[in-house]
Every structure is written in C-alpha cells, then in structure tokens.
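Take a look at the structure set out below.
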Amino acid sequence: MSQKYPEAAKIRQLIEGSQKIIIIQADNPDGDSLASALALEQILGDLGKEPMLYCGVDIPTYLRYLPGWDRVDKEIPKQFDLSIIVDTSAETLLEKLSQTNQLMWIKSKPSIVIDHHGGDQRISFATVSLDADAVATGEALYELACEFNWPLNHAALHMLATSIMADSRGLTTDKTSARSIHIIAELVEKGVSIPELEAARRETMKRSSELVHYKGQLLQRVEYHHETAIATVSIPFDEIERYSPQYNPSMLVIEDMLLTEGTKVAIAFKQYPDGKVTAKIRANFGSDIAADLAAHFGGGGHPYASGFKVTESVQFAEIKNRCIQKATELLKLKQS
Ligand SMILES: [Mn+2]
C-alpha cells in the first residue's frame, strides 16, 4: 500500500466506522467541489454507506449540467455520523452553516477535510485534515480511492475527471503536475470520455441566437481610451430589462474586451432609470488595478475583478469620465 498521505489511515478508519455521511461544499461551489462531492457520493454509496450532500448556497446554473447537482441540499440532516468537507480549508466559507446554527451539529460529530489549497488555513474543528498537493480535490480523492481500493463506478470516474479538468482548466494551470495528467490518462483507460465531458460542459455555454446577435451589437459599441489601454461599454436600461433574464449583458463581452491588443482594463457600465450606475471591472495580468479603481467609487473586489455602484445624482457621462480618468491614473502609477 502506498503512503501518499499520512492522513489516509485516519480517514479510512472514520469512514469505515460511519454509516450516514454528509458531504459538505463551502459557500462558493465550483466545478471541483461539486464534482468531487458527487464522486464521493458514488464511492460511499457503493461502500454501503448513506451519503448526503450539502451546500449552503444554490448550485450555480453553469454547474447544473453535472447529473446529481439537484441532490445537493441546503439543510444538514438531523442524523449523521460523520461529515466530509471537500475543497476548502476556510471556515469563513462555511458561513451559511454558522448563520443557520447548523455548524454546531457538524462540530458535534467527527469531520474530515479533503482539500488542496495549500495555505495556512485549517478548519479548527476537523478531526483530520488532508491538504493534498494536488491540482484538484478530485485528484486527492482518486489517490485515496487507489490506496483504499475503493470501488469507482462510471459516474464516479466521470466526476473525478470533471473535477480535475475543472480546477486545472483542462490541465493547463500552474498546479497541474505530471501526476494530474497521469490520473486523467488512467481515468480514460477506465472508460472516461474526455470529448463527452467537454461536450457536456460546452452545452451549458450555448446561448440563444438572440443573445449571439446582441453580443455582436455590444462588441460594436466597445469604446477604447488611451489607444486601447482602457475598453468601456455602456448598457442602457432597456437592454438590461430585455436581456438580463437570459444572461448578464456585461459578462457577454467583458472577456472579449480584455482580449483586445493593448487593453489593460475593461469596464462595463450599466445605467438604471433612477440614475444608478453600476460598473463591472476586469483587468489583464500585470494591470492589477481593479480593486483600487472600484474602491475609489465606494466599491470593492479583487485586483483583477471588481465592481462598484454609484447612486448619487451625477450624470452618467460624468461618472464614466471620472472612472476612465482614475483608471488612467492608476495604470500610470503601475508603470512608474
Ligand atoms: Mn478545488
């Protein structure tokens, strides 16, 4: 038996001694957390256990192509023997559990954490925490499955591959190791079809023909400032009303705006009838001004993705000009 993870023996012992097992995703579910939770559900089921799935927030629509997403519940069952928290080591991401007083129940039973984030954070009440050096939680789960000779049915194999492909962005990220690629190869040998996985994912990216045409209109209206350093687009309220139920108009074009040669920052403004203006900001690698730009207007976010909202009665043109000015200033500071 390999000794990849020193925590493995304890994990096995806890699972073997439990019947009802609740699998917990944090309040920011993604492709890795959901697919690894669903893989674990299959494995535990085949081991004769009774797995249940929990997540404090709704599973985002872009993940609903994964069969089984609708088994994820927002309530912790009254009775369970063990919890397994996947894909997080941050207690702050379990806020929904503490808000609803369900965290007490989790703390009253043994808890396993299976994660791969590699930071200093640990979930304080965990009985055992595995923070694997792996590109995805699915990779760590696969290693455990091999070590324990866990059964892997087709659905489990499919979900493990989905999890690894999601977090490694198709085996292209920094943390993708030779082992990650080997595991994908092994999963393919066991019957997983990567084209099938990709086709299912792409299906969720498809949009109505109306939205495709609208995206074209938005792209036509992109304005560039300071050569092409800053790209902006403005979305009036009638378009918000018409298209938002299908898709967020800003998100239709903002990534394409960032793909313009020379563009460092992309800003999508939305105009509301009461004078409110919102801005979504995205920045390209090396131009990490998004958080500072948003903060200047009372908003917030990350260095490469942020947003703000202005409700004071200022003309839209004025807000837009000030935003472009501030962005120019911040970009200049970056260069100096
Ligand atoms: Mn992950």
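The values are calculated or read from the model by the stated rules, or taken from the named source; none is laboratory data. Values in this document were obtained by computation on a predicted structure and should not be read as measured data. With ideal geometry, Cβ positions are generated from the backbone for all residues, glycine too; neighbour counts draw on all protein chains shown.
Summary table
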read-out	value
Residue satisfying condition, being touching a Pro at 6+ places or on another chain (Cβ under 6 Å), not polar (S, T, N, Q) and not assigned by TED's automatic domain parsing to the domain that holds Thr61, within set Tyr272, Tyr304, Tyr243	Tyr243
Subset tally (residues that are in contact (Cβ under 8 Å) with a residue 40 or more places away in the chain and loosely packed, with under 14 Cβ neighbours inside 10 Å) for region 171-190	0
Among (1) more than 16 Å from the ligand (Cβ to nearest atom); (2) surrounded by 14 or more Cβ atoms within 10 Å (Cβ to Cβ); (3) assigned to a loop (DSSP other than H, G, I, E, B); (4) not hydroxyl-bearing (Ser, Thr, Tyr) - the single one Glu147 does not satisfy	(3)
Strands (runs of 3 or more DSSP E) contained in region 215-304 and holding at least 1 residues under 19 Å from Lys332 (Cβ atoms), modelled with pLDDT of 95 or more and of a type in the set (A, V, I, L, M, F, W, C)	230-235, 265-271, 277-283
Identity of the residue in region 150-171, part of a loop (DSSP other than H, G, I, E, B) and within 13 Å of the ligand (Cβ to nearest atom), that ends up nearest to Ile85 (Cα to Cα)	Ser168
Qualifying residue in region 22-29 (condition: within 15 Å of the ligand (Cβ to nearest atom), among the acidic types (Asp, Glu) and surrounded by 15 or more Cβ atoms within 10 Å (Cβ to Cβ))	yes
Failed item, numbered, when Ala126 is tested on (1) surrounded by fewer than 15 Cβ atoms within 10 Å (Cβ to Cβ); (2) more than 12 Å from the ligand (Cβ to nearest atom)	(1)
